[in-house]
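**Q** The structure that follows is given in the form of C-alpha cells.
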C-alpha cells in the first residue's frame, strides 16, 4: 500500500477488534477495511474527532454492523467540508475533501417487491397505495449486531406488522457530490426505523 505506513495499518487493526477476516486497502487517499462478512465498527482517530468522543466510542459495547444494501456505506466526519446546498437543501461536499471514518461493505441485499394499487384520485391525479411483497435477502441480526437496510425494506417490515426495530437502521443524512448530486459520497449517521 503506497502512502500508508505500517503503523497506520496497525492502528486501524487495533480498533477493528477481533474481526476474523478483513482486508485493509488504500482507496481515495485513505485506508478502507473490507470485511469478509461483516465489520466491527472501527474508530478512526482523526483531528476532526474530539479526544473525549474517541474515548467514549472506545468504551461503548462492541457492535457489528451488517450492510444489507446493494452498495457500501461510508460514515463521514461531520466537518467544514460538508455544506448545505441552498437550492436543494441537501448536504454536499467535494469528494476529495470528505474524511471517511469507516466503510461497511455490502454483505448481501435485502429486497422487497412493491405493487401499486389504485386507491383514489385528487382531481385528475391518480393516487396509488403500495402493496409490499415478501422481503428476501434479510437475515435477522444476532446479539450485538445492527443491520443497515433500505427505507423501502423498513416500510415493508412495518406494513407486515413488525414491531421490533431495535437493531435495524437506515442510512441518515446522506452527503452528495457537490459536482454531481446523483453521486452519494456517504452519510453522517444511521437512522432508527
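One line per residue, one yes/no per condition, for (1) touching a helix residue (DSSP H, G or I) at 6+ places or on another chain (Cβ under 6 Å); (2) at pLDDT 95 or above; (3) loosely packed, with under 11 Cβ neighbours inside 10 Å; (4) part of a loop (DSSP other than H, G, I, E, B):
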{"residue": "47", "(1), (2), (3), (4)": "no, no, yes, yes"}
{"residue": "61", "(1), (2), (3), (4)": "no, no, yes, yes"}
{"residue": "69", "(1), (2), (3), (4)": "no, yes, no, yes"}
{"residue": "74", "(1), (2), (3), (4)": "no, yes, no, no"}
{"residue": "78", "(1), (2), (3), (4)": "no, no, no, yes"}
{"residue": "81", "(1), (2), (3), (4)": "no, no, no, yes"}
{"residue": "102", "(1), (2), (3), (4)": "no, no, no, no"}
{"residue": "109", "(1), (2), (3), (4)": "no, yes, no, yes"}
{"residue": "117", "(1), (2), (3), (4)": "no, no, yes, no"}
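**Q** Something else: Give me the residue from the stretch 167-182 that is in contact (Cβ under 8 Å) with a residue 60 or more places away in the chain and in a strand (DSSP E or B) and, out of that set, farthest from the chain's Cα centre (by Cα).
**A** First pass over the stretch 167-182, keeping only residues in contact (Cβ under 8 Å) with a residue 60 or more places away in the chain: 171, 173-179, 181.
Retained after the next criterion (residues that are in a strand (DSSP E or B)): 171, 173-177, 181.
Working: 171: 5, 173: 10, 174: 9, 175: 11, 176: 14, 177: 16, 181: 18 Å.
Residue satisfying both the conditions and the ranking: 181.
**Q** In addition: Here is a list of conditions, (1) within 19 Å of residue 189 (Cβ to Cβ); (2) modelled with pLDDT of 95 or more, and residue 85 meets all of them except one; can you say which number that is?
**A** (2)
**Q** Can you pull out every residue in the stretch 153-191 that is in contact with a strand residue (DSSP E or B) (Cβ under 6 Å, 6 or more places away or on another chain), more than 19 Å from residue 76 (Cβ to Cβ) and surrounded by fewer than 19 Cβ atoms within 10 Å (Cβ to Cβ)?
**A** The answer is 159, 167.
**Q** Name the pairs whose Cβ atoms lie under 8 Å apart, with the first residue in the stretch 138-166 and free of Cβ contacts under 8 Å to residues at least 60 places away in the same chain, the second in a helix (DSSP H, G or I), and 6 or more positions between them or separate chains?
**A** 165/154; 165/157
The values are calculated or read from the model by the stated rules, or taken from the named source; none is laboratory data. Since the structure is predicted, the reported quantities are computational estimates derived from the model, not experimental observations. All Cβ positions, glycine included, derive from the backbone under ideal geometry; neighbour counts span all protein chains shown.
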